[in-house]
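*Asks:* Attaching a single structure in structure tokens format; questions to follow.
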Amino acid sequence: MLDKVIKSSGLFQDHCHVAQNKLDPWKIEPSKASKDCRNFIREIVDNLDLQPNPEKPVIALSIGDPTIYGNLSPSPETVKAVISIIEEGLCNGYAPSTGYDYARAAVADYLSYDGASFKSQDVILCSGCSSSLELCITALADGQRGHNILIPRPGFPIYRTLAETIGVDVKFYNLIPENNWKIDLEHLESQIDGNTAAIVMNNPSNPCGSNYDEEHLRNFLEIAYRKRIPVIADEIYERLVFPGQKFVSTASLQSQVPILICGGLAKRFLIPGWRLGWIAIHDSTGAFENVRKALISLSQRTIGSNTLIQGAIPSILQNTPQSFHENLSNVLALHAQIAFDYFTVIPGLTPFMPEGAMYMVVEVDLKHFPEFESVLQFAKRMMEEESVFCLPGECFQITGFMRIVLTVPQEVLEDACERIAEFCNHHYME
Ligand SMILES: *Cc1c(COP(=O)(O)O)cnc(C)c1O
């Protein structure tokens, strides 16, 4: 009966007719935002078309994931915390989009040290620090209004990816290699213009491994204050500094500058795949009153972060012993020293000793490697001959440098350093 009605109405026939005529392939044009979304590391690495030497096992000193070799794992307390949350069955539902209040409170406590003080309402939980950064950039900068944000060079490429996807321009400010990669403050100031909506800073730094002292941070904040530009502080490596170093959080300086501090569990707790990050709002003057609301609105786009990890956060933050963090710092410092000692005597290379985070930057003096026009080519050939791959500085917007990760097991690092030495000795020209 229904069939008849449809047929006699002509609807069915018309429908068939349309479908038959539409034989050209069905191609949907994706959005501008998706086309403006670029992964700079992938673009560069894919372009290199890497071919390792089949006779040597590949060592990737390029992957910024501390868990891949299995030598670094989360604390037993961290693992137990999540298991018991699953077993309790109380975190299977939706949390508020900014996170459970007790989880936000636990992060607020965790970040309240050295004079910094946060309450649960100052914390927004996100799906990893990347997601925190996305919310902050989206909350502060407007593509339609021609806004730009300032980002460090060298620096983590995701800032640019996040900004450009929403039509926000980036302008770079330089870090000074000879000065432990501190910010070139004069250059920073010269880059600020009437459309600058925020300054992104990253301390400790990926890729540099630098750890800014209080004086430098104060000088940096003084510029932001005078120019009235809010700061997005990527502190994902917060307190992940080598023995003898002190990490100074921007919040501990009790500056009048409004600062959105981005962090998370990924690096210091060795669980990047668990995707738990946060924004901590530092705002001593109320300048961020509306931005606070904006961040809450934006958190609703994805209905918040994973509730199992949120449930586990208080135990993870409170029960992970200090010795776990010390051990990680010791391992990274040891690896940095080993790599530094190797690279110092390799002709044509100059390592920069990091102070924290998980990386070391090495300068490649191309004058002495005339076969290669760039570190891109240098890195490609090193993969072909020695099966060792390091990210060229181009991935972080600089030339003449490469970054190595320090999280691989010691014997792998030593093997890699020996192969890099072999490669350099082979290609070095006076
Ligand atoms: C790893 C890293 C992040 C991303 O952290 P997730 O929590 O995994 O999203 C952000 N910023 C820097 C500088 C990083 O190195």
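The values are calculated or read from the model by the stated rules, or taken from the named source; none is laboratory data. The structure displayed is predicted, hence computed values, not measured ones. With ideal geometry, Cβ positions are generated from the backbone for all residues, glycine too; neighbour counts draw on all protein chains shown. Just so you know, the surface numbers come from the protein's heavy atoms only, side chains and all, with ligands and any DNA or RNA stripped out. Shrake-Rupley method; radii C 1.70, N 1.55, O 1.52, S 1.80 Å.
*Asks:* Which trypsin sites (Lys or Arg not before Pro) in the stretch 314-383 pass both tests, a DSSP loop state and at most 11 other beta-carbon atoms within 10 Å?
*Replies:* Listed in order of number, the matching sites amount to none.
*Asks:* Roughly what % antiparallel, to the nearest 5, for the DSSP beta bridges in the chain?
*Replies:* Of those bridges, close to 55 percent are antiparallel.
*Asks:* Please list, or write none, the lysines whose alpha carbon is within less than 23 Å of the alpha carbon of Lys293, excluding same-chain residues fewer than 8 places away.
*Replies:* Lys119
*Asks:* Tell me the net charge near Ser210. Cut-off is 9 Å between Cβ atoms, Ser210 excluded, with +1 for each Lys or Arg and -1 for each Asp or Glu.
*Replies:* 0
*Asks:* Among Ala163, Gly286, Met429, whose Cα projects farthest towards the positive end of the dipole of the chain, with charges put on the beta-carbon of Lys, Arg (+1) and Asp, Glu (-1)?
*Replies:* In the chain, that residue is Gly286.
*Asks:* Please work out the C-alpha center-to-center distance from the stretch 294-338 to the stretch 399-421 and express it in whole Å.
*Replies:* If you average the Cα positions of each part, the centres end up 26 Å apart.
*Asks:* Using Cα springs under 10 Å in a Gaussian network model of the chain, which residue among Ser117, Ser34, Ser132 shows the largest mean-square fluctuation?
*Replies:* The residue that fluctuates most here is Ser34.
*Asks:* On to the next question. Could you please report the charge total around Ser73, scoring K, R as +1 and D, E as -1 over all other residues with beta-carbon less than 14 angstrom from its beta-carbon?
*Replies:* Overall, the nearby charge balance is +1.
*Asks:* Along the charge dipole of the chain, which of Leu265, Ile41, Leu308 sits closest to the positive end, that is, farthest toward it, with unit charges on the beta carbon of Lys, Arg, Asp and Glu (+1, +1, -1, -1)?
*Replies:* Positive-most Cα among the choices belongs to Leu308.
*Asks:* Separate question: Would you work out the relative contact order for the stretch 76-320, in percent, from Cα pairs under 8 angstrom that are 6 or more residues apart?
*Replies:* Reported as a whole number, the value is 30 percent.
*Asks:* Between the stretch 249-266 and the stretch 346-375, how many Å separate their Cα centres?
*Replies:* The stretch 249-266 and the stretch 346-375 have Cα centres spaced 31 Å from each other.
*Asks:* Roughly to the nearest percent, how much of the accessible area of the chain is carbon and sulfur, given a 1.4 Å probe?
*Replies:* Within the chain, the accessible surface is 52 percent carbon and sulfur.
*Asks:* Please give the charge dipole size of the stretch 93-188, origin at the Cα centre, charges +1 on K and R Cβ atoms and -1 on D and E Cβ atoms. Round to the nearest 20 debye.
*Replies:* Taking the Cα centre of the stretch 93-188 as origin, the dipole is about 120 debye.
*Asks:* With the cut-off at 20 Å, tell me which of the pairs Lys80/Lys267; Lys246/Lys267; Lys171/Lys367 have Cα atoms farther apart than that.
*Replies:* Lys171/Lys367
*Asks:* What is the local net charge at Gln121, summed over the other residues whose Cβ is closer than 15 Å to its Cβ (Lys, Arg +1; Asp, Glu -1)?
*Replies:* Result for the neighbourhood of Gln121: -1.
*Asks:* From the backbone phi of the stretch 316-327, what are the Karplus-calculated ³J(HN,Hα) couplings (6.51 cos²θ - 1.76 cosθ + 1.60, θ = phi - 60°) in whole Hz, Gly and Pro given as x?
*Replies:* Along the stretch 316-327, the couplings run 4, 6, 8, 9, 5, x, 3, 4, 5, 5, 5, 4 Hz.
*Asks:* I would also like to ask the following. Would you work out the charge dipole size for the chain about its Cα centre, treating the Cβ of every Lys and Arg as +1 and the Cβ of every Asp and Glu as -1, and quote it to the nearest 20 debye?
*Replies:* So the magnitude is around 1680 debye.
*Asks:* In square angstrom, what is the accessible area per residue of the stretch 76-320 with a 1.4 angstrom probe?
*Replies:* Per residue, the stretch 76-320 has 39 Å² of solvent-accessible surface.
*Asks:* What are the ³J(HN,Hα) values, in whole Hz, obtained from phi via the Karplus relation 6.51 cos²θ - 1.76 cosθ + 1.60 with θ = phi - 60°, for each residue of the stretch 34-50 in sequence order, with x given for Gly and Pro?
*Replies:* 5, 6, 7, 8, 10, 9, 5, 5, 4, 4, 5, 5, 4, 4, 6, 6, 5
*Asks:* For the chain, what does -39500 (n - 2.57) per DSSP helix run (n ≥ 4), summed and divided by total residues, give at 222 nm, in deg cm²/dmol to the nearest 500?
*Replies:* Counting only the DSSP helices, I get -12500 deg cm²/dmol.
*Asks:* Ordering Asp184, Asp49 by how much accessible area each has at a 1.4 Å probe, largest first, what is the list?
*Replies:* Asp49, Asp184
*Asks:* State to the nearest 20 debye the size of the charge dipole of the stretch 76-320 about its Cα centre, where the only charges are +1 on K and R beta carbons and -1 on D and E beta carbons.
*Replies:* 300 debye
*Asks:* Sticking with this one: Would you please name the trypsin sites (Lys or Arg not before Pro) within the stretch 175-274 that are DSSP coil residues with at most 13 other C-beta atoms within 10 Å of their C-beta?
*Replies:* Those that pass, being in a loop and sparsely packed, are Arg228, Lys246.
*Asks:* Can you tell me, using C-alpha contacts under 8 Å and at least 6 residues apart, the relative contact order of the chain as a whole percent?
*Replies:* In percent, rounded to a whole number, it is 22.
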